[in-house]
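Presented below is the structure to which this report refers.
The values are calculated or read from the model by the stated rules, or taken from the named source; none is laboratory data. What you are looking at is a predicted structure, and each value in this text was computed from that prediction instead of being measured. Positions of Cβ are backbone-derived with ideal geometry, glycine not excepted, and every protein chain shown enters the neighbour counts.
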Amino acid sequence: MARRRSREKQPSREDYRLKEKLKIEEGVFEPRTMLRLGKLFNAGIISSMEFIIARGKEADIYAAMPGDRVDSDVVALKIFRIETSNFRRRVAYIHGDPRFGKVRETLTGIVGEWCKKEYANLQLANAGGVHAPKPYAFSGNVLAMEFVGTGGKPSARLRETELGNPASTLRAIMEDVGRLLETGLVHADLSEYNVLMKGDVPYLIDFGQAVSVEHPNATDLLRRDIGNITSFFNKRYALGADAETAFEAARKLSEFTA
Ligand SMILES: Nc1ncnc2c1ncn2[C@@H]1O[C@H](COP(=O)(O)OP(=O)(O)OP(=O)(O)O)[C@@H](O)[C@H]1O
Ligand SMILES: [Mg+2]
């Protein structure tokens, strides 16, 4: 372990300059994360850090100002924690996926693989027309993506939003579940916590654990996703939606037959 650590890159003197530019206080980010932020800065993805949007279970989400290469007012950065992460148990999601062959075994490697997987999943989702943040770039444990919000204010989660037309929101989410299936993916952690409401439009987020439809548990995970969403709408808005009907409809829509 000690040998591995010494082989990992250490921050250089240039990082002090970078800290100034990125307005990051000493000790806020791990040295490895600082290196990754520097890469995104040099690649023209971000130009400065702004504020923290949320602290999740395994990642923190920050708002950053865009660099030259990104045409948007704000960039969202998902920074996966390395030391305190609970990623080892998640390797199963990567091992069952034919797109990810060799998985590195160090914690940094696993977190990096996870971040890359979320990036790849977001690319697929966007290509399939799903309302999900556009991924801009990733480096190690840092993922840069479209900021879901209005006027610099991050959108609230479905759970914290009072919907004007819950039936049409549920329909929109189910359509996106169907589009995602068509691209060959199951979200696998869908719930009222992982949907943001940008005005009336639901955005699916948090794609790290999404799996290929070829994953052995894809059908169960799809059923669970749809069950979570329909039971939220039924409890909160008394819609009386039937999870199994929605499941069959999503399957039919995508001709998913696993
Ligand atoms: N692209 C984005 N634009 C705006 N806000 C975002 C974006 N991505 C994430 N967020 C905010 O950050 C929170 C956490 O993001 P996400 O769910 O991806 O991380 P997580 O570590 O899996 O969190 P959790 O453990 O809460 O599920 C979201 O609930 C949302 O409020
Ligand atoms: Mg989440």
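What to note about this one:
- Flag for E160 being over 13 Å from A132 (Cβ atoms), within 14 Å of ligand 2 (Cβ to nearest atom), touching a helix residue (DSSP H, G or I) at 6+ places or on another chain (Cβ under 8 Å) and at pLDDT 95 or above: no
- Which listed residue is assigned to a helix (DSSP H, G or I), at pLDDT 95 or above and either within 19 Å of L158 (Cα to Cα) or touching an Asp or Glu at 6+ places or on another chain (Cβ under 9 Å) (or both), from S191, S231: S231
- Residues of the stretch 169-202 that are within 18 Å of A127 (Cβ to Cβ) and buried (at least 22 other Cβ atoms within 10 Å of the Cβ): D176, V177, L180, L181, L185, V186, H187.
- So D220, is it outside any loop (DSSP other than H, G, I, E, B), away from ligand 2 (no atom under 16 Å from the Cβ) and of a type outside the set (S, T, N, Q): yes
One line per residue, one yes/no per condition, for (1) more than 23 Å from A156 (Cα to Cα); (2) modelled with pLDDT under 65; (3) more than 17 Å from the chain's Cα centre (by Cα):
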residue: A63; (1), (2), (3): no, no, no
residue: P66; (1), (2), (3): no, no, yes
residue: R69; (1), (2), (3): yes, no, yes
residue: L77; (1), (2), (3): no, no, no
residue: F80; (1), (2), (3): no, no, no
residue: F87; (1), (2), (3): yes, no, no
residue: A92; (1), (2), (3): yes, yes, yes
residue: G101; (1), (2), (3): yes, yes, yes
residue: L107; (1), (2), (3): yes, no, yes
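- Remark: G129 falls outside the filter, which requires a residue to be of a type in the set (G, A, S) and at pLDDT below 95.
- Among the candidates R251, R236, R171, R223, residue that is modelled with pLDDT under 95 and farther than 30 Å from A144 by Cβ: R251
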